[in-house]
Amino acid sequence: MTTITSEDVKKLRDETGVGIMDCKRALTKANGDMEAAKKILREEGRELLAHKGREANEGRIEAYVHHSGKVGVLVEVVSNTDFTANSADFREFVRDVAMHIAAANPRYVAPEDVPESDLEAEREIYRKQAEKEGKPAPVVEKIVAGRIKKFYTEACLMKQPFVKDPARTIEDLLAELRQKTGENISVKRFARFEIGEDT
């Protein structure tokens, strides 16, 4: 069986705009064949980017300050065209994401943005916890993998359940917007400020 690397998944995601889990599933199904994976995604109606050859150099920066005045957010969301960046759907998405960041306090945009050192530190903590519970070595690694997945849903913006509709993740909202506009839209970066918090 072909090993699917995170680089393969990221490449397919960058080329199609489809969520990481869908890309991984399609690559697994296609035995690592990039073109076959794209075909699977297309057949499922999941290939979302119409402007694959174009850079996302337009977009908006949104500022959100909680009514208490104690939490503030700046978020940058990019698109292919100014037309999309100024559309009502795009503006609503950016506002929702800024408000969500204020409420949910993510640390990273997506799992691939988590530095390997942070990931290894988390794995070490989970490993020690599982060993303390007296679990055998093969089970320990499964527990660690499960807890890393949970860590992603807590720490990564894309994987977090949307605060206004927890049945959908931010990644789902982004996929819907990409499908609606046919553009390569992504959350580029964000900064969250909270009174009393160290930088």
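Tally time: how many residues in the stretch 119-141 are basic (Lys, Arg) and not in a helix (DSSP H, G or I)?
1
Of all residues in the stretch 14-31, count the ones that are farther than 20 Å from residue 185 by Cα and in a loop (DSSP other than H, G, I, E, B).
The number of residues fulfilling the criteria is 2.
Any idea which of (1) in a helix (DSSP H, G or I); (2) more than 20 Å from residue 97 (Cα to Cα); (3) not aromatic (Phe, Trp, Tyr) is the one residue 171 doesn't satisfy?
(2)
If you go through the stretch 46-57 one residue at a time, do you hit one that is in a strand (DSSP E or B) and either at pLDDT 85 or above or over 19 Å from residue 100 (Cα atoms) (or both)?
no
The conditions are (1) of a type outside the set (Ser, Thr, Tyr); (2) touching a residue at least 12 places away in the same chain (Cβ under 8 Å); (3) within 25 Å of residue 16 (Cα to Cα), and residue 105 fails exactly one of them. Which is it?
Single failed check for residue 105: (3).
So in the stretch 129-146, with the set limited to residues that are surrounded by 11 or more Cβ atoms within 10 Å (Cβ to Cβ) and among the basic types (Lys, Arg), which one is farthest from residue 6 (Cα to Cα)?
135
Could you list all residues from the stretch 81-118 that are small (Gly, Ala, Ser) and either buried (at least 18 other Cβ atoms within 10 Å of the Cβ) or in a loop (DSSP other than H, G, I, E, B) (or both)?
Matches in the stretch 81-118: 85, 87, 98, 102, 110.
Can you pull out the residues in the stretch 54-80 that are β-branched (Val, Ile, Thr) and crowded, with 18+ Cβ neighbours inside 10 Å?
71, 73, 75, 77, 78
The values are calculated or read from the model by the stated rules, or taken from the named source; none is laboratory data. The shown structure was predicted, so the numbers you read here are calculated from the model rather than taken from an experiment. Positions of Cβ are backbone-derived with ideal geometry, glycine not excepted, and every protein chain shown enters the neighbour counts.
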